[in-house]
Amino acid sequence: MLHRETTKITAAARAGSQPAGRDWRTVTLRVAGAGLLIAAGAIHLDLYLTGYRTIPTIGWLFLLQVIAAFGLGLAVLAIGGRSGIAGRLAAAGGAGFALATLGGYLLSIWTGLFGFKEVRTTAGLVAGLIDVAAFAVLAALALAPARALAPAATRSRFLVQIPSAVARAAATTTAALAVAALVLLGVALAGASSSASSAASASSAPAGTAAGLKTTVIGGTTVLTNARGFTLYSFAPDTPSTSKCYGSCAAYWPPVTGTAAASPGLPGRIGTITRTGGARQLTYNGHPLYTYIGDTAPGQAHGNNLNLNGGLWLEVPVSR
């Protein structure tokens, strides 16, 4: 019997597979990969429920991401240890999904997607790191050596067992992609921070005085804009004397700061409130004013009717 077992192990090694039995390294990779996918899905679900569902196009894309993350996570967990071919496909699918999700996040930071532009947030950073980890773990699982095949399975050996040369090349490529993803994530988040600061400065400078405020017509409604023609918004949770938008909220919705001054031809009451830190924020008819980072050109109102960052955002109508 000992001779038979030794022969089986030797044959498995020569074939590029592992001896039959439970491979705890593969089990660990499977559980970790599934857990990372489910964790990413949970973060996207929380973002979806707390406001992203109201963003046109982005909302249903987030919902699809949630469904795909949970589905792939459960698939990796459930079938990863039963069928070599199905297990590899599930792991490869999960790795590809994680990389694609990260790519979409980076693109939304750099150029914006469907009128929505991301900024640096803790949730985004955590989700990005989880995506990189999920890609690395699931790619390793997809490339892991198969257990020894039964004689009846020899016909599908090529599909189950990856040649060692191919596996080494794929592992090197995977490692390079993971490192590149981390570098791009760091660069994108640093750039997002700078972009948010620039956006805040840009919104303050042209609208530094009420004389810089003007109006435009969007969708048949006359709305308030800054001097550059960018739409201004109000935030439902605000009061006439207090802004409720700080932190990451203020990165998405830069407050319009400056001093109140006469503005000939513009109806309504113009004033200021004092923000935490001492900056003066402009108000119109008792509403503190903001721009939206997702508006990239004058005449856009991508932020109108969004329920994001804790409340509803509305363009500011002007009645003459």
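Can you pull out every residue in the range 67-117 that is of a type in the set (A, V, I, L, M) and within 12 Å of the chain's Cα centre (by Cα)?
ALA98, LEU99, ALA100, LEU102, LEU106, LEU107, ILE109, LEU113
Is it the case that ALA146 is closer than 22 Å to ARG168 by Cβ, surrounded by 16 or more Cβ atoms within 10 Å (Cβ to Cβ) and modelled with pLDDT under 90?
Yes, satisfied.
Pick out the one residue from LYS244, LYS214 that is among the charged types (D, E, K, R), touching an Asp or Glu at 6+ places or on another chain (Cβ under 6 Å) and either outside the structural domain of THR111 (by TED's automatic domain parsing) or at pLDDT below 85 (or both).
LYS244 is the lone residue from the list that is among the charged types (D, E, K, R), touching an Asp or Glu at 6+ places or on another chain (Cβ under 6 Å) and either outside the structural domain of THR111 (by TED's automatic domain parsing) or at pLDDT below 85 (or both).
For the range 110-124, give me each residue that is in a helix (DSSP H, G or I) and either in contact with a Pro (Cβ under 9 Å, 6 or more places away or on another chain) or farther than 20 Å from THR54 by Cβ (or both).
Once the filter is applied, which keeps residues that are in a helix (DSSP H, G or I) and either in contact with a Pro (Cβ under 9 Å, 6 or more places away or on another chain) or farther than 20 Å from THR54 by Cβ (or both), the range 110-124 yields TRP110, THR122.
I'd like the residue in the range 74-83 that is surrounded by fewer than 20 Cβ atoms within 10 Å (Cβ to Cβ) and assigned to a helix (DSSP H, G or I) and, out of all such residues, is modelled with the lowest pLDDT.
So, considering only residues that are surrounded by fewer than 20 Cβ atoms within 10 Å (Cβ to Cβ) and assigned to a helix (DSSP H, G or I), the one modelled with the lowest pLDDT is ILE79.
For LEU102, state whether it is buried (at least 21 other Cβ atoms within 10 Å of the Cβ), modelled with pLDDT of 85 or more, in contact with a Gly (Cβ under 7 Å, 6 or more places away or on another chain) and farther than 18 Å from ALA68 by Cα.
Answer is no for this residue.
Pick out the one residue from LEU314, LEU282 that is closer than 14 Å to PRO237 by Cα, part of a strand (DSSP E or B) and either assigned by TED's automatic domain parsing to the domain that holds GLY112 or of a type outside the set (Lys, Arg) (or both).
Testing whether each residue is closer than 14 Å to PRO237 by Cα, part of a strand (DSSP E or B) and either assigned by TED's automatic domain parsing to the domain that holds GLY112 or of a type outside the set (Lys, Arg) (or both) leaves just LEU314.
Looking at THR296, is it part of a loop (DSSP other than H, G, I, E, B), farther than 22 Å from LEU47 by Cα and not assigned by TED's automatic domain parsing to the domain that holds THR111?
It is true that THR296 is part of a loop (DSSP other than H, G, I, E, B), farther than 22 Å from LEU47 by Cα and not assigned by TED's automatic domain parsing to the domain that holds THR111.
Against the condition surrounded by fewer than 21 Cβ atoms within 10 Å (Cβ to Cβ), among the aliphatic types (A, V, I, L, M) and either at positive phi or at pLDDT below 90 (or both), how does ALA123 come out, does it pass?
For ALA123, the condition - surrounded by fewer than 21 Cβ atoms within 10 Å (Cβ to Cβ), among the aliphatic types (A, V, I, L, M) and either at positive phi or at pLDDT below 90 (or both) - is met.
So that you can scan it fast, the table gives a plain yes or no per residue for (1) modelled with pLDDT of 50 or more; (2) more than 15 Å from ASN307 (Cα to Cα):
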{"position": "LEU2", "(1), (2)": "no, yes"}
{"position": "ILE9", "(1), (2)": "no, yes"}
{"position": "ALA13", "(1), (2)": "no, yes"}
{"position": "LEU36", "(1), (2)": "yes, yes"}
{"position": "GLY41", "(1), (2)": "yes, yes"}
{"position": "HIS44", "(1), (2)": "yes, yes"}
{"position": "TYR52", "(1), (2)": "yes, no"}
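Do you know which residues across the range 244-272 are crowded, with 17+ Cβ neighbours inside 10 Å and under 24 Å from THR296 (Cα atoms)?
CYS245, CYS249, ALA250, ALA251, TYR252, TRP253, PRO254, PRO255, VAL256, THR257, GLY258, listed by residue number.
Could you tell me which residue of the range 285-305 is nearest to PHE235 (Cα to Cα), considering only residues that are out of contact with any Pro (no Cβ under 6 Å at 6 or more places or on another chain) and of a type in the set (Ser, Thr, Tyr)?
Per the criteria, the residue is TYR292.
The values are calculated or read from the model by the stated rules, or taken from the named source; none is laboratory data. Remember, it's a predicted structure, so these values are computed and weren't measured experimentally. For neighbour counting, all protein chains shown are included, and Cβ atoms are generated from backbone atoms with ideal geometry for every residue, glycine included.
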